[in-house]
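**Q** Okay, handing you the structure first.
The values are calculated or read from the model by the stated rules, or taken from the named source; none is laboratory data. Keep in mind that what you see is a predicted model, and the values were worked out from it rather than measured. Here the Cβ positions follow ideal geometry from the backbone for every residue, glycine too, while neighbour counts run over all protein chains shown. SASA here: full protein model, heavy atoms, side chains in, ligands and nucleic acids out. Shrake-Rupley method; radii C 1.70, N 1.55, O 1.52, S 1.80 Å.
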Amino acid sequence: MSRLGNLGARLYRGEVGYDFIGKRKIWYGVSILITITAILGLAVSGLNMGIEFKGGAVFTTDSKAKVSVSQAHEDAVAASGHEAIVQELGNGGLRIQITEVDTQKADQIKAQLSEDLGVPEAKINADLVGPSWGEQIANKAWTGLGIFMVLVVVYLAIAFEWRMAAAALVALIHDITITVGIYALVGFEVTPGTVIGLLTILGYSLYDTVVVFDSLKEGTKGITKQTRWTYSEIANRSINGTLVRSINTTIVALLPVAGLLFIGGGVLGAGMLNDISLSLFVGLAAGAYSSIFIATPLVADLKEREPQIKALKKRILAKRAAAAAKGEPAEDERDDRAGELDASDGSDEDTPTAGAVVGQRRQAGGHGRTPRNRR
């Protein structure tokens with residue numbers, strides 16, 4: 001078995017792990033800092049809305065211009081008085097995009113570009129884009145986002161419980177805010193492709209979160225009938241048990257998106273790929289982060305405010321304190337020692353082994369199953 005696969009198996013069985021829940025305040029602080037930075041970037045810089053949302057004109061030359069792309073950009077800015085986006089086409093022609101230009105101004109710009117670029121005016125196509133089309137797209141996107149959020153909350157509340165629905169909603173808002181803030185900070189143009197990318201990452205983020213929630217739901221069945229694990233400890237086992245799976249799916253999803261963003265948009269200069277690839281790249285990474293560091297710890301916080309779960313935690317801690325006062329090992333440590341003795345006698349491989357947990361109490365259990373109900 002590969003090293004990563006072996007680690008995944010040990011995480012799944014609870015032999016090793018990281019105390020995500022115990023250090024949740026650190027992750028909350030990191031998320032708040034990132035979110036505030038994104039909001040400030042959005043407030044200060046604002047979004048660089050594309051021509052589909054602002055309206056304007058797109059000039060396309062059929063033949064190769066006599067100037068470079070950089071020079072064409074300077075000429076377009078000088079002719080229009082607005083910022084321009086210039087891209088070289090496959091046939092050697094140019095695509096010049098200028099926002100907030102009306103019909104009369106477009107005719108003047110076209111004549112000036114013909115002179116500056118050395119291209120006959122008849123060889124330059126001018127297309128006007130009205131802002132109403134982009135406004136319709138934006139309104140439909142907001143409507144779709146609202147409906148999606150409502151359906152997510154309703155479904156999770158029915159399939160799991162309202163606390164998980166609330167935590168998933170917070171995680172989704174967290175992902176959207178960070179992604180939009182990154183767009184404001186880097187100044188990438190917001191186009192309909194960006195909107196599609198934002199809506200796409202919501203489904204991925206939710207999928208990752210539901211995987212952990214499903215494990216948590218299974219692990220906490222009959223939790224009040226035992227005095228071995230608190231809700232937070234079982235939640236931590238659920239995160240660790242699905243950690244390698246989350247990492248693998250995230251990396252596999254990020255690799256092609258990174259190719260679009262850094263190679264397609266950066267190296268090859270296909271700037272239109274940036275519209276959707278940046279939102280996907282940032283959103284996928286933020287979604288994986290929020291499902292581990294935000295959603296599940298938030299569920300644990302909300303759940304341990306319940307009287308039953310709060311009383312359970314008090315009983316467990318009291319039991320452990322009493323055992324420590326008598327110098328007796330905790331229940332899980334006794335099971336670990338028994339597992340070691342069984343293993344030395346040649347018992348089967350399903351026997352729990354001693355825990356080597358990083359950042360949390362040692363936990364052992366057969367293949368990640370919920371510990372047996374014990375008092």
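**Q** In whole Å and largest first, what semi-axes does the C-alpha gyration tensor of region 180-225 yield when each eigenvalue is scaled by 5 and square-rooted?
**A** 38, 11, 5
**Q** Given Cα pairs under 8 Å that are at least 6 residues apart, what percent is the relative contact order of region 160-276? Walk me through the intermediate numbers first.
**A** Details: 55 pairs, mean separation 35.8, N = 117.
Taking the mean separation of contacting Cα pairs over the length of region 160-276, I get 31 percent.
**Q** Still on this structure, please answer the following. Output the peptides 231-238, 50-57, 245-252 sorted from most to least packed, where packing is the average of other Cβ atoms within 10 Å over each peptide's residues.
**A** Details: 231-238: 25.6, 50-57: 22.0, 245-252: 14.9.
In decreasing order of mean packing, 231-238, 50-57, 245-252 become 231-238, 50-57, 245-252.
**Q** What does the net charge come to around GLU83 if you take all other residues with beta carbon closer than 12 Å to its beta carbon, with K and R at +1 and D and E at -1?
**A** Values: positive: LYS54; negative: GLU74, GLU100, GLU189.
In short, -2.
**Q** Continuing with this model, one more query. Could you order GLU161, GLU121, GLU100 so the one with the most accessible surface comes first? Probe is 1.4 Å. Let's see the in-between values first.
**A** On the way: GLU161 35, GLU121 85, GLU100 110 Å².
Putting GLU161, GLU121, GLU100 in descending order of accessible area: GLU100, GLU121, GLU161.
**Q** Separate question: Compare the peptides 289-295, 18-24, 256-262, 311-317 by average per-residue count of other Cβ atoms within 10 angstrom and give them in order, highest first.
**A** Values: 289-295: 24.9, 18-24: 19.0, 256-262: 16.6, 311-317: 15.0.
For the peptides 289-295, 18-24, 256-262, 311-317, the packing ranking is 289-295, 18-24, 256-262, 311-317.
**Q** From largest accessible area down, sort THR191, THR224; use a 1.4 Å probe on the protein chains.
**A** Numbers: THR191 10, THR224 55 Å².
The most accessible residue leads, giving THR224, THR191.
**Q** Need the full-extension length gain, GLN136 to LEU151, defined as separation in residues times 0.36 nm minus the C-alpha distance. One decimal, nm.
**A** Numbers: separation 15, 0.36 × 15 = 5.40 nm, distance 2.25 nm.
The span from GLN136 to LEU151 would gain 3.2 nm if fully extended.
**Q** For region 288-330, rounded, prolate or oblate, judged on the Cα gyration tensor with a ≥ b ≥ c (square roots of eigenvalues), a/c < 1.5 rounded, else prolate if a/b > b/c? If you can, show how the numbers build up before the last one.
**A** Details: a/c = 6.35, a/b = 2.00, b/c = 3.18.
Taking the square roots of the gyration eigenvalues as a ≥ b ≥ c, region 288-330 is oblate.
**Q** What percent do you get for the relative contact order of region 113-220 when only Cα pairs under 8 Å and 6+ apart count? All intermediate terms of the calculation are to be shown ahead of the outcome.
**A** Details: 40 pairs, mean separation 23.9, N = 108.
22 percent.
**Q** When you take every Cα atom in region 67-222, what is the radius of gyration, and what is Dmax, the widest Cα pair distance, in Å?
**A** In order Rg, Dmax, the Cα atoms of region 67-222 give 23.3, 79 Å.
**Q** Which sequence of TRP133, TRP27, TRP142 reflects their accessible areas, 1.4 Å probe, from the largest down? Present the calculation step by step, with values, prior to reporting the outcome.
**A** Numbers: TRP133 130, TRP27 55, TRP142 175 Å².
In descending accessible area the options line up as TRP142, TRP133, TRP27.
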